[in-house]
Each structure stands twice: as structure tokens, then as C-alpha cells.
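The values are calculated or read from the model by the stated rules, or taken from the named source; none is laboratory data. Predicted model, so just to flag it, every value in this text is computed and none were measured. Here the Cβ positions follow ideal geometry from the backbone for every residue, glycine too, while neighbour counts run over all protein chains shown.
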Amino acid sequence: MAAAMPLALLVLLLLGPGGWSQAEPPRDTLREELVITPLPSGDVAATFQFRTRWDSELQRERASHYRLFPKALGQLIAKYSLRELHLSFTQGFWRTRYWGSPFLQAPSDTDHYFLRYAVLPREVVCTENLTPWKKLLPCSSKAGLSVLLKADRLFHTSYHSQAVHIRPICRNARCTRVSWELRQTLSVVFDAFVTGQGKKEWSLFRMFSRTLTEPCPLASESRVYVDITSYNQNNEPLEVSPPPTTTYQDVILGSRKTYAVYDLLDTALINSSRSLNLQLKWKRPPESEAPPVPFLHAQRYVSGYGLQKGELSTLLYNTHPYRAFPVLLLDTVPWYLRLYVHTLTITSKGKENKPSYIHYQPAQDRLQPHLLEMLIQLPASSVTKVSIQFERALLKWTEYTPDPNHGFYVSPSVLSALVPSVVAGTPVDWEESPLFSTLFPVSDGSSYFVRLYTEPLLVSLPTPDFSMPYNVICLTCTVVAVCYGSFYNLLTRTFHIEEPSTGGLAKRLANLIRRVRGVPPL
Amino acid sequence: MAVAATSATDIEVVRGRRAALFCAAVAIVLGLPLWWKTTETYRAPLPYSQISGLDALQLRLMVPVTVVFTRDSVPLDDQEKLPFTVVHEREIPLKCEFLQGQGCLVELRSVQRCVECPTKEPECFSAFFSEPSAFLSQDKMSYIGPGRTAVVRGIMHREALNIMGRRIIQVAQAMSLTEDVLAAALADHLPEDKWSSDKRRPLKSSSGYEITFSLLNPDPKSHDVHWDIEGAVRRYVQPFLSALSAAGNFSVDSQVRLGASLTRLPPATTWPCTASPMSSTQWNPGWDPALPPCTLCSTFCSTCLMATNAFHSPRWGGIMVYNVDPKAYNGSRLPVRVEVDMVRVMEVFLAQLRLLFGIAQPQVPPKCLLSGPKSEGLMTWELDRLLWARSVENLATATTTLTSLAQLLGKISNIVIKDDVASEVYRAVAAVQKAAEELASGHLASAFVASQEAVTSSERAFFDPSLLHLLYFPDDQKFAIYIPLFLPMAVPILHSLAKIFLETRKNWNKSEKTD
């Protein structure tokens, strides 16, 4: 689980016909936000969110005129009648077990008929992916929070995930009008504990090698939130400088959190020192405590030996002491692993666990992967094991990737669940509350939505000897040549009656010896 | 006994020799052709001779002109002498590298004796002769209308017909093709020195164009710029583009780039064939960016250091610097709200669009009155002229592409020519010929369509990825595969052939000696 996986790239497209109502004059707003969360392990997670909301009917209008919303994405929506688009580039693996549940993942509402979902686990995320992502921002990287996005720091981290989420949001309760929302998110986890010589202190400058100087003039809201929850109870052992003017309290991911809020649009904040360098210092060293285990986390591995058969296993952990909850597990497995669905077993606490819903779409060779979707009830404080056996298929010799002995990636499974929360939350106003709390609409405060991805797997397939075609040609040629040679020899050989000659070297030698011995020669 | 033995040996030797010869014959007669046939690269036949014929293609552009005489505009006895058709040919010699000897013959065909004025817009050019003093003021001899019509003043003179003929030709040339238009269309194919580089201003011919209006605001902190681009596009740009719609598909959009700084000039040379690259946002028109902010592409600037406030980059787009009235800063706090005056901006942009599409200002013959443009800003005969120019340009492009493809395929024998590539080449050749025929018979619209098809097909053939499949197949790998087969087979055959040859020569020498 702790092994960082090299990458995950995820594309989620929802295609569908667009039939929306009348438009009014386009209006767009930009909000930007940075959440800094010190993680239990001593690392620091920073999550940027840039949200552009555009009150326009993109799919209906012919001539398109763009302001804050990027033209490239708008044209995509208009041309292909996109309903939603979620694209993320990820390097590293979010360790749910140690870091807690992440803020953001994919959408909560999907329609399978129009859904396109794909993952490219082999691709590498690089600065060349960050640059076009930054260009989509209205302020580019010149002002506001985006000045912190410096590539050499962002990729020198243990986790990096950048994403683009486009979705329509309702403008009124009956959803007769929609607006388009573009959320650009970027989360990084800085290895602050290791690089800071065991100190859990950080500052904006140490993490990003930049400080905040001015808000983006186009943004209607530009804020930095610092999570100060876990340290708030025992007599303030830490101090955040500069001291926050306000704090914000809410139930986030099932627990009560306190955030220090810095509003960049508040001119007093930056004017006093001309730049804002947030710092966190400890008054006395914190006690090392075991990190709280999240209620839902998962693990996945491949087992078996040899190159013919194997088994995919997924372990789902529910650590809630008394509540059971259902989990939707979505698996896409490439066609070259031939799944045997009759071997699908789900066990929790030693007993068989029957899923309440199964959707299985078998793979077609070279056309589509297996799709397996299950709704599983996880009993309280239990480990559920989902395992399925597979057989490795042989590929055509041109279908192997370069370096085939590296193995083939199997995309991570997706877990979606409504996890019961410890503290009841209050319903929030969508437009007013901070961006990180409005990623998923939650109807009531008794549970919260979590979407997790397991590790991508690496499966080695039997690889042929790629010089074989040449060897076969050479061998065939040799066999043909040998057959031909003997045949030719047989045809053209002529027999002569040899006149007895004086003999060869052996006979002369023998005669020499005979003469020495005094025996008559041959 | 010995005789029998020698004869038996002789028979054996002869048999062996025959067997060896037979094997060699089979290998050469059967084996070699079989190997040659099975390892050949597939090359579909191409119309090489027709393609080389395109090189010397003589384009003949016909401009049919109908001449209508109103009553009393010509002396009565001259009316009897009027010929039914007159053909006037003019050669425009344009020597260029690929189109050797391509000339253009403009043909004017006049038809007379129709007195009634046609009510709807004519399909071809018409020149009217009349004596309406109300229509033309005394010092003007002719009038060119916004449609395809012109009016020429009649004359009562003994040489009336000759004079009128010259005038008609003058007017018709002004309204149809001139040397300049053709030279601009063929600018890419003509040698550099002959035609100045400002002939290369228009966008290259293409099947579709994407037009983007960008408002660049480098300092959104102090300026809050608004523009009513939707209304402006609807009012000014759409009518112009719908008038131009015969020349291609257009899509219009706009964007606002805020905080975009002026960093570098985009490469003004190449762009993939179908889009007009007017959307680049980061570029530098060459003044010091440290000076007060200047916004571009219909943009604004507080104090700009330039005498002219608009310029255009050939084949790329246009830029307008929009200055903010300095009074706006007085007493108001930042950001200053700026409303862009779209009439001013669109005037400049429409002029730049005309330049980009190569619609030049018409060269009016002396004493001629030119009508004001139609409401969409484009006269019908200007569109005709554009289509002519585009057809000629397309034909030149297609011919160049086909010729270089044929040269390339002739030079490199390793290239696979698939059937679909060959069929594209055939289609392109046929389309070029069809376009040339249609031009010669005066059917402009179908000629333009055919010329576009010629360009599309020829480029599809030229850029087909299957041409590259075996291009880089190395020769040493072929040897590595063939040697294990050929060496063991060839050595015994060559050996026995050499032996037979030696023995035959020895026998021959021996028989000569005995003789």
C-alpha cells in the first residue's frame, strides 16, 4: 500500500444530447482557494481550486464568445455536446490509510449509457502537462494563488494530482437553467517531515519557493485556508503567522474541522508586509500520536504464480465501530486478463457476502475491457475480500508495448461510498461555502461522500522472444538449404571407376615402417 | 570390359551434367522470378504522363459578357453591323517554376440585340449602353454597379462600335480578372523577385476558416474593458461572411485574454491548412512592454506611442490598439470601466478581413463611377474575382503537389503505393482537368468546387501515412534474411556450372588438337 505507484491518468467523459432552456446575458465569476492541511504523518497537503462559473448555454449558441471560461474547453463542450468532463493527471498515490480521505475525486452522478471512462496508468505526468493547465486559468500564473504554481517544486513531491472538472450546475431548484462550472484542482503532498529534518514546521516560501503578493484582479474570492484542527485542543502548542483574522468551522469529511482563513482581497493583509508568507511554528514539539484511521480504505493486489493464471484481490476495510455501509466498487480490467466470473468470491468476517447489485460487461478482444460493478454492504469493523481469478491471454507480437517485460498495468478500482460521519453536519449553501466543501452535494449531514482509488496493478504477461521471426526465417532457410544440398548432390553425383593409385600418405607411411621392420611393402 | 566401363562412366557424367544444368535452369527460370514477385513492394499504377501534362497546362479563363444596347444608343446603320459574338483574348504571361508556360486567356464574348433590361441579377457580366443623362453625370463615361452590371455611355460616332468595344473591355477587365489578382493568387508559385512580398498577404486558400476576435487586456487591475462582440459580429461580420460563404465555411468566436503580456511575435509563415491562426494570444508587436499597457487585437492602451493604431500581419490576422480616453482616469478609482466603441473597431477589422481574403481595392478605369458597396460590404463581382483567384491558386497548389508526389515516387522505389492513394491521385488529376475545363467554359462556381476537390485529394494522397511504411526499411536486414537461403543454394549451382564450363573447354581443346 505504501509503495507509490508511478502514475494514474484518468479521463471521464459524459456525452449526451443537450437540451437546455433560454439563455440570458452571459455572466462569469472566478473563485480561487488554497487549502493547506498538515497531515497526521507530518507531511503537508496543499489543494488549489480555481472555479469558473459561467451562466451560459454553451451547447445551444452558435457563435461563442468567451471571457473567463477558456475557449478551448468551451469549444469542446459545444462541439461534442459534453455533459460532464473530468480529466486528471496524477503522479504518486494518495495513502488513505495514513493521510486520511482526500477532498476531491471524480463526479458523484454518472449515467452509464453516455459514460466514457478510461485510465492510462502507464503515462508519466510532467511539467508539460502543467503548463497548458496553468494557461486555462484566467490570471494564468501571474497573480493570485497561481503564482505559487512553480513546476520544479510541484513535481518534487510525494503526490501530485492536477485535474479539470467541467459539469453543469443548476441555477434554480427545478434545474430549468444550468450554468457551467469549471473546477481546476491541483493537490500536492509535500514531504515536509523528511525534507525539514524531522520538524513539522512549514511556510509557503519553503514549500513553493514563492510568496503571495496580490490577488488575481478577476477573482471575486481569493482565500487561503489552513487546517488548525488537530492542534487546537491542547493549549495552542503552535502558532500560525500572520495571525488569522477569522476562522471557519465546518464538518468536513465526517469530522469537525477548524480553518484559519486569509482573504487575499482584504487589502490590509498584503499591504502591511507587501507579501504574504504563511508560516506554522510549534511552541513545543508535538507528541507523536497514531494517526486516526479513516473509516473506509482499500488495498488491492495480484496473486498467483506462473504465467498462466492469477487472482485479483481487493481488500475493503470498514473501521467504523458500529455502522455498516454500502460501497460501490467499479473495476475495469483489460481484455488480455480473461476474468472467470464464476470464481468471483466476496467474503467478510469469514462468511460469504452477497452483493446486492452486480453489473458485468464482458470484454471483447482488442475492443473493450471488462467492466465489473458491484454494490457491497460492508459490515461494521470488518475486512471484505473481493477476489476473482483470471487467465493471461497471449497478445499478437506487434501488440506488445516497448519493454514488455516491465509488465502491463491494470487500472485502479474505484470505490464510492456514503460513509456515516461522527458529527452531524448542517446543510450548506452551495455558493457561499468554501470550494473544498462543495465538491459533492450531500443531502443530509449524517453521512459524507467519499470516492477512493486503489493502487494500479502491474501484471506481467508471457512475452515471446521477439527475434523469433528472424530465427524462424534463418532456420527455415537452413533446412531448405540442407534438403536442397543433399537432393542436388544426389542428382548430380557421378560414379567413376578409380584406377588404383600408388596410395596416399597413410600407405607410404605404412611402407616406410614396413621397410624399417624388414617386412615386404603393401 | 574397359570400353563398357568408360561408356558407362561417360553416360553417368553426362547425366550428372544434365542434372546440374537442369537445377540451374529451374533456379533461374522459376526461382528468381518467384522471389522477385513475392518480395516486390506494391506500387499501384499512377497517371504519370497526365501529371507531367499538368505542368504545361494552359489555363483559359472565360469571362462571358452580355452587352445590351438600349434604344438610340447606337446609330441605326451600326446596329445592322453588330456581330453576334466577339471573342477578345488576352494573354497574361506568368512564368513560374512549376507551371511552365501557364498563361491566362481572358475571353470576352459579347451578345447583343437584347433590348429589355433583365430584372434579376444576371448570371454573367452585363454592360449596358444607354444615353441616360440622369444616370451618369457629364464627366463620367461609365458606372460600375454593386452587382455584376455596369453601364457605359453610348456614343454617336462613325467609329462607335470600335470605341465602345474598347470601353467594354476596359470595364470588364476592371470587374473581372487583372494581372495583379492572378499574381497575388499565384504568389507562392512565382519567383520571389518578380512579385513583391505584399502579394503574399491573403490567407492561403482553404476549405474553412476560423476567425477569432481576441480582446487582450494586459492590466485588468486598472482597466475593466467591455465589448459588445456578439452584437458587432451579428451586425457587421456575419453579413460579410455570409456574402463570402461561397469561398468556404466560416466560424466566428471571440475571447478575452486578461493579463496577457506582449512577449513574442507568432511565426507568420505556416499553419495547418484549414484554419486562420488569428487566435494566438502571446506575441509582441515590437514596442517596449515596460511602457504603459497596450492591448491588442482590438484593444486598448492608455498612452500609446504609435502614429497608426492598427496593423496587420500577413496571412495571420490583424491588430488594433485601442486607446483609452485619458479623461476617464480623472477622479475615478481603479479599475476604470472602458466600453469599446465597436463601430470603430469593426471598421478596421472588416478592412483587415478584406485584406486577409485578398479582396483588393478595385482599380477603376478613368472617368468611371464606382458604386458604393452593398450593405454587407462586398460587391458581387468582387466575390467572383475572389473565386477566380482562389480557383487558380487551388489549381496551382494541386498541380505542384501532384508533380512533386510523382517526382518523389519516381525517385524512391521503396515507397509502397496503395490503391487508395492511387485513386486519390486519379481523382485529383480528374478534378484539375475538370476545373480547367469549367474555367474555360465560364462556369465559375463548379470550377471552384472542382479546384477545391483537386487540392483536397492531392494533399490527401501526398500526406498519406502509408507512403512511409517501407521507406526506412534497412538494406542490411534484407541481406541478413536472404543470405541463409541464397548462399547454400547458389554455391553448388555455381560450382557445378564452373566445373561444366571448364570441362567443356578442355574437351573442346582436346577435340581441336585431335583434329
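Under the condition of being in a loop (DSSP other than H, G, I, E, B) and without any contact (Cβ under 8 Å) to a residue 40 or more places away in the chain, which residue from the stretch B:7-43 is surrounded by the most Cβ atoms within 10 Å (Cβ to Cβ)? Write out each step before concluding.
Going through the stretch B:7-43, the residues in a loop (DSSP other than H, G, I, E, B) turn out to be B:39-42.
Applying the additional criterion that residues be without any contact (Cβ under 8 Å) to a residue 40 or more places away in the chain yields B:39-40.
Numbers: B:Thr39: 10, B:Glu40: 8.
Looking at the filtered set, the residue picked out is B:Thr39.
With the structure loaded, tell me whether A:Cys170 is on the phi > 0 side of the Ramachandran plot and away from chain B (no Cβ under 14 Å) or whether it fails that test.
On the way: on the phi > 0 side of the Ramachandran plot: no; away from chain B (no Cβ under 14 Å): yes.
Answer is no for this residue.
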Which numbered condition A:Leu461 fails, given (1) more than 60 Å from the chain's Cα centre (by Cα); (2) part of a loop (DSSP other than H, G, I, E, B); (3) of a type in the set (A, V, I, L, M, F, W, C)
(1)
Do any residues in the stretch A:29-40 that are in contact (Cβ under 8 Å) with a residue 24 or more places away in the chain and under 15 Å from A:Leu439 (Cβ atoms) have Cβ atoms under 7 Å from those of residues that are crowded, with 22+ Cβ neighbours inside 10 Å and among the charged types (D, E, K, R), where the two are at least six apart or on different chains, and which pairs are they?
A:Glu33/A:Arg223
Number of positions in the stretch B:418-443 that are surrounded by fewer than 17 Cβ atoms within 10 Å (Cβ to Cβ), touching a strand residue (DSSP E or B) at 6+ places or on another chain (Cβ under 7 Å) and in a helix (DSSP H, G or I)
1
Of everything in the stretch A:347-374, what is out of contact with any Ser or Thr (no Cβ under 6 Å at 6 or more places or on another chain), surrounded by 16 or more Cβ atoms within 10 Å (Cβ to Cβ) and under 26 Å from A:Pro121 (Cα atoms)? Give them in sequence order.
A:Ala363, A:His370, A:Leu372, A:Glu373, A:Met374
Any chance the stretch A:451-462 includes a residue that's under 30 Å from A:Ala393 (Cβ atoms), more than 14 Å from chain B (Cβ to nearest Cβ), surrounded by fewer than 18 Cβ atoms within 10 Å (Cβ to Cβ) and not aliphatic (A, V, I, L, M)?
yes
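Of the residues B:Leu182, B:Leu177, which is under 21 Å from B:Asp384 (Cβ atoms), more than 16 Å from the chain's Cα centre (by Cα) and at pLDDT below 80?
Working: B:Leu182 fails: more than 16 Å from the chain's Cα centre (by Cα).
Only one candidate passes the filter, namely B:Leu177.
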Of those in the stretch B:253-268 that are within 13 Å of chain A (Cβ to nearest Cβ) and surrounded by fewer than 19 Cβ atoms within 10 Å (Cβ to Cβ), the residue modelled with the lowest pLDDT is B:Thr263
Of all the residues that make up the stretch B:444-453, how many are surrounded by fewer than 19 Cβ atoms within 10 Å (Cβ to Cβ) and among the polar types (S, T, N, Q)?
1
Suppose the filter is assigned to a loop (DSSP other than H, G, I, E, B), more than 14 Å from chain B (Cβ to nearest Cβ) and modelled with pLDDT of 80 or more; does A:Asp444 pass it?
no
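Yes/no per residue for (1) within 30 Å of B:Pro474 (Cα to Cα); (2) in the same structural domain as B:Ser176 (by the TED database); (3) small (Gly, Ala, Ser):
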site: B:Glu382; (1), (2), (3): no, no, no
site: B:Leu386; (1), (2), (3): no, no, no
site: B:Leu395; (1), (2), (3): no, no, no
site: B:Thr399; (1), (2), (3): no, no, no
site: B:Gln407; (1), (2), (3): yes, no, no
site: B:Val416; (1), (2), (3): yes, no, no
site: B:Ala440; (1), (2), (3): no, no, yes
site: B:Ala447; (1), (2), (3): no, no, yes
site: B:Ala450; (1), (2), (3): no, no, yes
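Given the residues B:Ala428, B:Ala461, B:Ala422, which is the only one that is in contact (Cβ under 8 Å) with a residue 40 or more places away in the chain and within 21 Å of B:Ser206 (Cβ to Cβ)? Break it down stepwise before answering.
Numbers: B:Ala428 fails: in contact (Cβ under 8 Å) with a residue 40 or more places away in the chain; B:Ala422 fails: within 21 Å of B:Ser206 (Cβ to Cβ).
It is B:Ala461.
Given the structure, is B:Ala461 hydrophobic (A, V, I, L, M, F, W, C), at pLDDT 85 or above and more than 26 Å from B:Asn414 (Cα to Cα)? Show your work before the answer.
Details: hydrophobic (A, V, I, L, M, F, W, C): yes; at pLDDT 85 or above: yes; more than 26 Å from B:Asn414 (Cα to Cα): no.
Criteria not met by B:Ala461.
Quick one: which of A:Tyr340, A:Tyr357, A:Tyr336 is among the hydroxyl-bearing types (Ser, Thr, Tyr) and either at pLDDT below 90 or within 14 Å of A:Gln389 (Cβ to Cβ) (or both)?
Numbers: A:Tyr357 fails: either at pLDDT below 90 or within 14 Å of A:Gln389 (Cβ to Cβ) (or both); A:Tyr336 fails: either at pLDDT below 90 or within 14 Å of A:Gln389 (Cβ to Cβ) (or both).
Result: A:Tyr340 is the single residue among A:Tyr340, A:Tyr357, A:Tyr336 that is among the hydroxyl-bearing types (Ser, Thr, Tyr) and either at pLDDT below 90 or within 14 Å of A:Gln389 (Cβ to Cβ) (or both).
Please count how many residues of the stretch A:117-141 are within 14 Å of chain B (Cβ to nearest Cβ), surrounded by fewer than 16 Cβ atoms within 10 Å (Cβ to Cβ) and outside any helix (DSSP H, G or I). First the steps, then the outcome.
As a first pass, look at the stretch A:117-141 and keep what is within 14 Å of chain B (Cβ to nearest Cβ): A:131-132, A:134-141.
The next check asks that each one be surrounded by fewer than 16 Cβ atoms within 10 Å (Cβ to Cβ); those that pass are A:131-132, A:135.
Adding the requirement that they be outside any helix (DSSP H, G or I) leaves none.
Total satisfying the criteria: 0.
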Which numbered condition B:Gln102 misses (of (1) closer than 22 Å to B:Phe357 by Cα; (2) at pLDDT below 60; (3) surrounded by 21 or more Cβ atoms within 10 Å (Cβ to Cβ)):
(1)
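Select from the stretch A:474-522 the residues that are within 7 Å of chain B (Cβ to nearest Cβ) and not in a loop (DSSP other than H, G, I, E, B) and list them in ascending order.
From the stretch A:474-522, those within 7 Å of chain B (Cβ to nearest Cβ) are A:474, A:477-478, A:480-481, A:484-485, A:488, A:491-497; that's our starting set.
Of everything in the stretch A:474-522, those that are within 7 Å of chain B (Cβ to nearest Cβ) and not in a loop (DSSP other than H, G, I, E, B) turn out to be A:Cys474, A:Cys477, A:Thr478, A:Val480, A:Ala481, A:Tyr484, A:Gly485, A:Tyr488, A:Leu491, A:Thr492.
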So B:Leu46 passes all but one of these: (1) out of contact with any strand residue (DSSP E or B) (no Cβ under 8 Å at 6 or more places or on another chain); (2) closer than 21 Å to B:Leu402 by Cα; (3) surrounded by 15 or more Cβ atoms within 10 Å (Cβ to Cβ). Which condition number does it fail?
(1)
Given the condition part of a helix (DSSP H, G or I), more than 14 Å from chain B (Cβ to nearest Cβ) and in contact with a Pro (Cβ under 9 Å, 6 or more places away or on another chain), answer yes or no: does some residue in the stretch A:181-198 qualify?
yes
So, in the stretch B:209-252, of the ones that are within 8 Å of chain A (Cβ to nearest Cβ) and at pLDDT below 80, which residue ends up farthest from A:Leu265 (Cα to Cα)?
B:Pro220
Which numbered condition trips up A:Glu373, out of (1) part of a strand (DSSP E or B); (2) touching a Lys or Arg at 6+ places or on another chain (Cβ under 6 Å); (3) not basic (Lys, Arg)?
(2)
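Residues are listed down the side, and each one gets a yes or a no for (1) within 14 Å of chain A (Cβ to nearest Cβ); (2) surrounded by 13 or more Cβ atoms within 10 Å (Cβ to Cβ):
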site	(1), (2)
B:Val455	no, yes
B:Ser458	no, yes
B:Pro465	no, no
B:Gln477	yes, no
B:Leu485	yes, yes
B:Met489	yes, yes
B:Pro492	yes, yes
B:Phe501	no, no
B:Thr514	no, no
Odd one out for A:Thr345, checked against (1) modelled with pLDDT under 90; (2) assigned to a strand (DSSP E or B):
(1)
